[in-house]
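Undergrad: Structure below; questions to follow.
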Amino acid sequence: MRILITGGAGFLGSHLCDYLLSMGNEVICMDNLITGSIDNIAHIHNERFKFYKYDVTEFIYVDGEINFILHFASPASPIDYARYPIQTLKVGALGTHKTLGLAKHKKASYLLASTSEVYGDPLISPQPEDYWGNVNPVGPRGVYDEAKRFGEALVMAYHSVHKIDTRIVRIFNTYGERMRLNDGRVVPAFIPQALTGEPLTVFGDGSQTRSFCYVADLVEGIYKLMCSDCHTPVNLGNPEEMTVLEFANKIIEITGSSSEIVYKPLPQDDPKQRRPDITKAKQLLDWQPKVSFEEGITKTINWFKQRLNKI
């Protein structure tokens, strides 16, 4: 297939580029690089790969056939969407509109990267796909949450009106190589702090939960969703839940760090719990995470060590 990936120079997008190229596909990567990085795709030397620096909220023209569009462009961490609130809303709304228009023109299949953040600060756990969420549209996280919720609605509208072959993946906390050092989320925050002996910053009392899925597992799930005929949202993530404080202590233990833990006030609208119900993915895609937390986090820690040594 000839596949367009927006946000292809980001953390998840770059891993998808690798995976889809390894399956023999031709990949076109688009990214405006406000949060993505050329470093994430610099290792790709393949005649079936092309990169274009481009803002997908503008009109998109791609020459030739396109079989599949994967819309992964978006700032994806609280630091990012606090810094780029309007860009976050635009790429979720206008970017989704422009890429769906391209899919309609090219008669291409389409997959939207949505997020567990559509559930907001959930009142039930685990979160199934039929849960409508608890989102503050005017809070600091609203620009990301509502951009993704709008994107999902637009995808379903194009599916029903224009009969586009669409998919929606709701991605839960994912970690692995190529996360940014200054990303702001717990994995890229805690690991460098532990490796450099700085205190690990825990917000609130650390009792809020997260469920961490290794990137290789997530990419496999996305590919299986691409190959399916499921048009409604599908959760992908690891249902093994742990508190942020437990996670901090595990990082200290695995790195052998002497770092202490310091506590800071919990940010507004920070989710108290985050755990996917992946029953649908198991049944429809025959997918569930395989990589253990210890294996995945060790690989991630080793990658951060290499990055820190280059600074």
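The values are calculated or read from the model by the stated rules, or taken from the named source; none is laboratory data. Note that the coordinates shown come from a computational prediction; the quantities given were computed from them, not determined experimentally. No Cβ is skipped: glycine too gets one built from the backbone with ideal geometry, and neighbour counts run over all protein chains shown.
Undergrad: Is segment 153-162 home to any residue that is farther than 25 Å from Lys272 by Cβ and touching a Lys or Arg at 6+ places or on another chain (Cβ under 8 Å)?
TA: yes
Undergrad: When residues of segment 89-113 are filtered for being crowded, with 24+ Cβ neighbours inside 10 Å and either in contact with a Cys (Cβ under 8 Å, 6 or more places away or on another chain) or within 30 Å of Phe203 (Cα to Cα) (or both), how many remain?
TA: 3
Undergrad: Shifting gears a bit: Would you confirm whether any residue within segment 20-43 is in contact with a Cys (Cβ under 9 Å, 6 or more places away or on another chain) and among the polar types (S, T, N, Q)?
TA: So far as segment 20-43 goes, yes, one or more of its residues are in contact with a Cys (Cβ under 9 Å, 6 or more places away or on another chain) and among the polar types (S, T, N, Q).
Undergrad: Determine if segment 198-205 includes at least one residue that is touching a Gly at 6+ places or on another chain (Cβ under 7 Å) and not hydroxyl-bearing (Ser, Thr, Tyr).
TA: no
Undergrad: For Lys53, are the conditions met, namely being surrounded by 14 or more Cβ atoms within 10 Å (Cβ to Cβ), of a type in the set (D, E, K, R) and at pLDDT 95 or above?
TA: no
Undergrad: In the set Thr35, Thr88, Thr57, which member is touching a helix residue (DSSP H, G or I) at 6+ places or on another chain (Cβ under 7 Å), of a type in the set (Ser, Thr, Tyr), closer than 27 Å to Arg185 by Cβ and in contact (Cβ under 8 Å) with a residue 60 or more places away in the chain?
TA: Answer to the selection: Thr35.
Undergrad: Check Ser259 against each of (1) farther than 20 Å from Asp130 by Cα; (2) surrounded by fewer than 17 Cβ atoms within 10 Å (Cβ to Cβ); (3) polar (S, T, N, Q) and name the one condition it does not meet.
TA: (2)
Undergrad: Here's something else I'd like to know. Of all helices (runs of 4 or more DSSP H) completely enclosed by segment 57-164, which ones contain at least 2 residues that are within 19 Å of Cys29 (Cα to Cα)?
TA: Those helices (runs of 4 or more DSSP H) span 85-106.
Undergrad: Mind listing just one residue for me: the one in segment 208-252 that is surrounded by fewer than 21 Cβ atoms within 10 Å (Cβ to Cβ) and in contact with a His (Cβ under 9 Å, 6 or more places away or on another chain) and, of those, nearest to Glu152 (Cα to Cα)?
TA: His231
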